[in-house]
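Right, one structure below, let's go through it.
The values are calculated or read from the model by the stated rules, or taken from the named source; none is laboratory data. Just so it is clear, the structure is predicted and the values come from calculations on it, not from any experiment. Positions of Cβ are backbone-derived with ideal geometry, glycine not excepted, and every protein chain shown enters the neighbour counts. These area figures cover heavy atoms from the full protein model, side chains too; ligands, DNA and RNA do not enter into them. Shrake-Rupley method; radii C 1.70, N 1.55, O 1.52, S 1.80 Å.
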Amino acid sequence: MAVTPAPAGGDPADGGPARGDPGGRAPAGRMLVLRALGLGDLLTAVPALRALRRGARSAGGPGARIILAAPDALAPLARATGAVDAVLDRSGLAGPPLRAGPVDTAVNLHGSGPRSHRLLAAARPRRLLAFARPGLPESGGPEWDAGEHEVARWCRLVGAYGFDADPGDLDLPRPRTASPAPGAVVVHPGAAYPARRWPAERFAAVAAALRDAGERVVVTGGPGETALAGRVAVGAGPGAAADLSGRTPLPALAALIAGARLVVCGDTGVAHLATAYRTPSVVLFGPTPPDLWGPPPDRSEHTVLWAGRRGDPHGAAPDPGLLEIGADEAVRASVRALAAHDRRTGHRDTALLRGT
């Protein structure tokens with residue numbers, strides 16, 4: 001199981017004793033944090049991670065370390081938070097035990113157990129910070145609240161153990177990687193489950209309208225989303241949108257979002273990147289409501305479109321509520337977001353707005 005260390009300082013979490021402790025006892029402030037999920041999951045946990053970092057340094061001094069069990073592909077962004085020293089490659093809960101070396105404190109930012117609790121307990125930490133779970137005496141934390149926003153949930157958990165977290169502490173520093181399309185409008189049609197995927201032809205209509213307004217439009221998607229992104233690019237018409245799908249690994253994608261004029265996407269990790277870089281966004285929600293996973297309501301640069309209908313977020317077909325959002329509505333929201341951005345920055349108005 002690979003561990004990706006921070007660029008400088010400290011020992012890699014290689015399963016051996018911590019430096020300066022020949023007996024293998026964990027020093028105070030050495031934390032193992034479980035968040036073995038995706039991009040959006042990492043970004044919604046940033047305020048809690050930063051609170052843990054501050055507390056670990058207070059308890060353990062400058063030598064305190066936080067090891068995050070998460071997919072290795074997320075390591076660049078995990079390090080960019082300033083809260084993580086090393087990433088222990090883990091995606092999901094299946095697999096061998098977590099081998100992070102001696103652990104003083106284990107923190108469950110993954111779920112409410114029991115599998116995630118037990119996975120961390122097997123690392124034999126001195127203490128486990130987790131939500132309460134019946135039948136697991138080692139988990140004596142606060143109760144889980146299924147109606148809580150994801151950011152607030154993890155801030156509340158660490159706060160119950162004395163770590164002061166700010167739910168608004170979501171920003172990331174701008175990437176050093178150059179954007180492959182600076183100043184573009186980014187259209188991202190993909191999502192983890194079909195229930196959260198707005199139809200490709202509607203994304204294409206948005207891309208075409210914004211190109212006609214004078215915007216440079218690019219379509220993004222992961223390696224498994226190239227066919228979907230291609231349909232959007234082709235459907236938008238010749239020259240309307242450049243297809244960057246499959247060609248933007250995470251550092252390049254982060255740079256693209258950080259330097260974009262606008263992001264149009266569904267309820268997925270790219271929306272959380274837009275929040276982290278304060279890039280204007282139009283996010284189409286359904287079937288999960290935005291008050292559980294949406295951008296902070298006090299950030300006016302982000303526009304949420306939601307029909308008000310809940311459904312199964314893991315469904316095999318686009319959610320009926322999501323389908324109630326029309327392409328014209330998304331175009332209008334995009335135009336308003338671009339115009340507001342231009343007013344804030346002193347840039348040009350869009351041609352589409354001038355023509356309405």
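The rows are residues; the columns are (1) among the hydrophobic types (A, V, I, L, M, F, W, C); (2) without any contact (Cβ under 8 Å) to a residue 40 or more places away in the chain; (3) surrounded by 19 or more Cβ atoms within 10 Å (Cβ to Cβ).
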position: Val151; (1), (2), (3): yes, no, yes
position: Pro175; (1), (2), (3): no, no, yes
position: Val185; (1), (2), (3): yes, no, yes
position: Ala191; (1), (2), (3): yes, no, yes
position: Trp198; (1), (2), (3): yes, no, yes
position: Ala213; (1), (2), (3): yes, no, yes
position: Thr226; (1), (2), (3): no, yes, no
position: Ala229; (1), (2), (3): yes, no, yes
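In the condition set (1) of a type outside the set (S, T, N, Q); (2) modelled with pLDDT under 95; (3) closer than 22 Å to Asp166 by Cα; (4) open to solvent by 40 Å² or more (accessible area, probe 1.4 Å), Ala56 is compliant with all but (4).
Could you go through segment 62-84 and let me know if any residue there is of a type in the set (Asp, Glu), assigned to a strand (DSSP E or B) and either open to solvent by less than 40 Å² (accessible area, probe 1.4 Å) or more than 19 Å from Val158 (Cα to Cα) (or both). Looking for residues that are of a type in the set (Asp, Glu), assigned to a strand (DSSP E or B) and either open to solvent by less than 40 Å² (accessible area, probe 1.4 Å) or more than 19 Å from Val158 (Cα to Cα) (or both), one finds none in segment 62-84, hence no. Out of contact with any Pro (no Cβ under 9 Å at 6 or more places or on another chain), among the aliphatic types (A, V, I, L, M) and more than 23 Å from Asp145 (Cα to Cα): is that true of Ala241 in this structure? So Ala241 fits the description; yes. Residue under question is Ala208, and the condition is that it be without any contact (Cβ under 8 Å) to a residue 60 or more places away in the chain, surrounded by fewer than 21 Cβ atoms within 10 Å (Cβ to Cβ) and assigned to a helix (DSSP H, G or I); does it hold? So Ala208 fits the description; yes.
Among the residues making up segment 85-139, those that are free of Cβ contacts under 8 Å to residues at least 40 places away in the same chain, assigned to a loop (DSSP other than H, G, I, E, B) and touching a helix residue (DSSP H, G or I) at 6+ places or on another chain (Cβ under 8 Å) are Pro97, Ala130, Phe131, Arg133, Leu136, Glu138, Ser139. Arg126 passes every criterion in (1) crowded, with 17+ Cβ neighbours inside 10 Å; (2) at pLDDT below 95 apart from (1).
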